[in-house]
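Here is the structure we will look at, set down as structure tokens.
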Amino acid sequence: LVEEAGGAPLRFGILPDRREALESALRSALDACDLVVVTAGSSASTRDLTAQVIDSLGRPGVLVHGVNVRPGKPTILGVCGGTPVVGLPGNPVSALVIARLFVVPLVERLLGLEVRQRPSVTARLAVNLPSQAGREDWVPVRLTSKPDGWLAEPIFYKSNLIFTLAQASGLLRIPPDATGLEAGSAAQVELL
């Protein structure tokens, strides 16, 4: 996603779950990069090493620890000495959704580009989709062409199942002010 947005990612490897290793890698990344993204290591617990290390490496540190997005709640958004830092959840679907929502627009801004609209289509929903009011939900869907337009069929999943993304045509957004969407209603689907 970083490359698609025009960025040039530098990889700092897979790290053990130890504070010293994460701190060393993050320090190196902060020195070398305009934006730092940590994949996995983010959780909602107080034992979250990523949040602790971000807080220790520069002010203001962690700005947000947990977003009201599903999937992707344990996301970390921070700044260390002027460099934005994003802690992605470890589950693949969660990481993809959060990277599309936060990382890609950050890369585009840092490159001086307009934040682009993602390609999308309007589709009718095949079934009722409940949602919790106050939370933004992103649901993987399979699109099927019908004589009267696109039909979006949700792929029910767990956020750790990568095959969900392989089966999906796009992601359907349920806005935070809704308690779900009814079958037959029109919705925007961001294409994957």
Out of ALA183, ALA178, which single residue is aliphatic (A, V, I, L, M), open to solvent by less than 40 Å² (accessible area, probe 1.4 Å) and part of a loop (DSSP other than H, G, I, E, B)?
ALA178
Output for the stretch 119-160, where each listed residue is aromatic (Phe, Trp, Tyr), assigned to a strand (DSSP E or B) and open to solvent by 30 Å² or more (accessible area, probe 1.4 Å):
TRP150
The condition of being among the aliphatic types (A, V, I, L, M), closer than 24 Å to ALA5 by Cα, loosely packed, with under 14 Cβ neighbours inside 10 Å and within 18 Å of the chain's Cα centre (by Cα) holds, among VAL79, VAL107, VAL97, VAL115, only for VAL115
Residue pairs meeting the criteria (Cβ under 7 Å; at least 6 apart or on separate chains; first over 27 Å from VAL141 (Cβ atoms) and assigned to a strand (DSSP E or B), in the stretch 82-111; second open to solvent by 40 Å² or more (accessible area, probe 1.4 Å) and modelled with pLDDT of 95 or more):
THR83/ASP34; PRO84/LEU106
So, in the stretch 1-18, how many residues would count as being open to solvent by less than 80 Å² (accessible area, probe 1.4 Å) and either under 18 Å from the mean Cα position of the chain (by Cα) or closer than 16 Å to ASP48 by Cβ (or both)?
8
List pairs: first in the stretch 47-68 and over 14 Å from THR83 (Cα atoms) and part of a strand (DSSP E or B), second modelled with pLDDT of 95 or more and open to solvent by 20 Å² or more (accessible area, probe 1.4 Å), Cβ under 9 Å, 6+ apart or cross-chain?
VAL64/LEU77; HIS65/LEU77
Do we find that GLY112 is small (Gly, Ala, Ser), modelled with pLDDT of 95 or more, within 30 Å of ILE174 (Cα to Cα) and in contact with a helix residue (DSSP H, G or I) (Cβ under 7 Å, 6 or more places away or on another chain) in this structure?
no
Residue under evaluation ALA166, criteria (1) of a type outside the set (S, T, N, Q); (2) over 29 Å from LEU10 (Cβ atoms); (3) not in a loop (DSSP other than H, G, I, E, B), criterion not met:
(2)
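The values are calculated or read from the model by the stated rules, or taken from the named source; none is laboratory data. Keep in mind that what you see is a predicted model, and the values were worked out from it rather than measured. When we count neighbours, we look across all protein chains shown, and the Cβ atoms used for this are built from the backbone with ideal geometry, even at glycine. Side chains are part of the model used for accessible areas, which takes the heavy atoms of the whole protein and leaves out ligands, DNA and RNA. Shrake-Rupley method; radii C 1.70, N 1.55, O 1.52, S 1.80 Å.
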